Amino acid sequence: MRYDFDISVDRRNTSCLKWDYLDSTFGRDDLISMWIADMDFRLPDSILDAICERAGHGVFGYTVIPDSFYRAVETWFANRYGFEIQREWIVTTPGVVPALNFAMQHFTAEGEGVIIQPPVYHPFEESIRNNGRTTVENPLVLRNGRYCIDFDDLDSRAADARMLVICNPHNPVARVWSRDELKGMMDIAEKHDLIVFSDEIHSDIVFRPHRHFPTLLLGDAARSRTIAAYATSKTFNLAGLQLSVIIIADPWLRAGYTSFIRNLHLTGSNIFGIVATQTAYEQGGEWLSQLLSYLWDNYLFVSEYAHEHLSGVRVLEPEGTFLLWLDCRGTGMSDEQLSEFFIHKAGVGMNNGAMFGTGGDGFMRMNIATTRANLGAALECIRDALGERSSETGSTAAVSY
Ligand SMILES: Cc1ncc(COP(=O)(O)O)c(C=O)c1O
């Protein structure tokens, strides 16, 4: 069956953060929304039907996760990643960021260092700060248009830390870490006895020839210290149903983690999250492969358009995620000017690179999980605004990359 990702769904007035809260986020509500990481696409009917069927039952009391859910998770991971997980390794939480917070609260003490690799998904830093832990930065290095890990720096910083947070695929720079890169990080984690929180929420959105390599597949050393976080929320646009799949192979780590969650009385799960996640893993494979090809074509569309029409804007080739990292340093605009420009001149709501921390200045994050028509409209707005700006200022700055 062919799925049509060009069908536009009006998301306004559905209490959706992406389109209904533009005003509180950007100060105006007439923008084309390309910020927060969810998709504008409708789910495949198989998932919708399963949710509707469950809703039709009409009783939504306390619920236990059924065996069929665990089987669906196990099969998905085995088929996609060759990752044989055991049922007891699977823990559910109402989100990946909550899962990170639980891990930090249980396995680290106040003031201890938690390493992140900026520019990176900003709730990592917020969680560290909110929990009274210390942020330790191991900034990524941009080399020839591709971000890399500075392993020497990571090694020296790990001495002051208790936890390493890996983001793979990486939001916002869209790298998919290779087995060797993960191994390099894990060796350092082992040397300094760090707990590793491996956020793999974007693992299913990976473009060929890249492949997602689960951190837990690195072997015993990784298993003994890693909490890995997955979800269908990005892959199948289910963030509003709040269910994440946390994999913890090590019995000691798992016992600590689950007792922490039990103490919070978080043992139940959202009924619709269970039904949707199970059905997505059982029946969503074909929809996902068509989604990936649509997203890749969206990337090519933006990249070619930028090359031809958006002077000073360079699109980094994504290896995964539906988030493009736009290098706007060539426009010569400061970070504040970029925000002002995209909101008030172009009318496009994107995440400003600076919010992702060190190394984010001069970049913008564009969510391309939308129809090509919407994307085209946004690009035209940006082109026209850049055109007006260059006629006002005389030129765009040139930067050698
Ligand atoms: C890397 C990463 N982790 C976690 C999340 C959010 O996860 P959740 O909504 O399950 O807390 C996002 C959402 O954009 C993300 O990009």
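How about the stretch 117-214: which strands (runs of 3 or more DSSP E) wholly inside it have at least 2 residues that are over 20 Å from the mean Cα position of the chain (by Cα)?
In the stretch 117-214, the matching strands (runs of 3 or more DSSP E) lie at 134-137.
Would you mind stating whether Ala373 is assigned by TED's automatic domain parsing to the domain that holds Ala37, touching a Ser or Thr at 6+ places or on another chain (Cβ under 9 Å), under 25 Å from Glu137 (Cα atoms) and assigned to a helix (DSSP H, G or I)?
No.
Cβ contacts < 6 Å: first residue under 11 Å from Glu200 (Cβ atoms), restricted to the stretch 160-187; second residue within 16 Å of the ligand (Cβ to nearest atom) and among the charged types (D, E, K, R), any location; separation 6+ or different chain. Result?
Sorted first by the residue in the stretch 160-187, then by its partner, the pairs are Cys167/Asp199; Asn168/Glu200; Val176/Glu319.
Which of the residues spanning the stretch 92-112 are crowded, with 20+ Cβ neighbours inside 10 Å and either near the ligand (Cβ under 8 Å from one of its atoms) or not aromatic (Phe, Trp, Tyr) (or both)?
Within the stretch 92-112, Thr92, Thr93, Val96, Ala99, Leu100, Ala103, Met104, Thr108 meet the criteria.
Can you tell me which residues in the stretch 146-166 are within 15 Å of the ligand (Cβ to nearest atom) and more than 17 Å from Gly113 (Cβ to Cβ)?
Answer for the stretch 146-166, where residues must be within 15 Å of the ligand (Cβ to nearest atom) and more than 17 Å from Gly113 (Cβ to Cβ): just Tyr147.
With touching a Leu at 6+ places or on another chain (Cβ under 8 Å), touching a residue at least 12 places away in the same chain (Cβ under 8 Å) and farther than 23 Å from Thr92 by Cα as the only criterion, which of Phe26, Phe5 stands out?
Sole residue among the options that is touching a Leu at 6+ places or on another chain (Cβ under 8 Å), touching a residue at least 12 places away in the same chain (Cβ under 8 Å) and farther than 23 Å from Thr92 by Cα: Phe5.
Looking at Gly273, Gly268, which is the one that is surrounded by fewer than 16 Cβ atoms within 10 Å (Cβ to Cβ), among the small types (Gly, Ala, Ser) and not assigned by TED's automatic domain parsing to the domain that holds Asp361?
Gly268
Give the residue, chosen from Ser46, Ser33, that is within 16 Å of the ligand (Cβ to nearest atom) and at pLDDT 95 or above.
Sole residue among the options that is within 16 Å of the ligand (Cβ to nearest atom) and at pLDDT 95 or above: Ser33.
The values are calculated or read from the model by the stated rules, or taken from the named source; none is laboratory data. Everything numeric here is computed off the predicted structure, so don't read it as measured data. Counting neighbours? That spans all protein chains shown, and the Cβs are built from the backbone with ideal geometry, glycine included.
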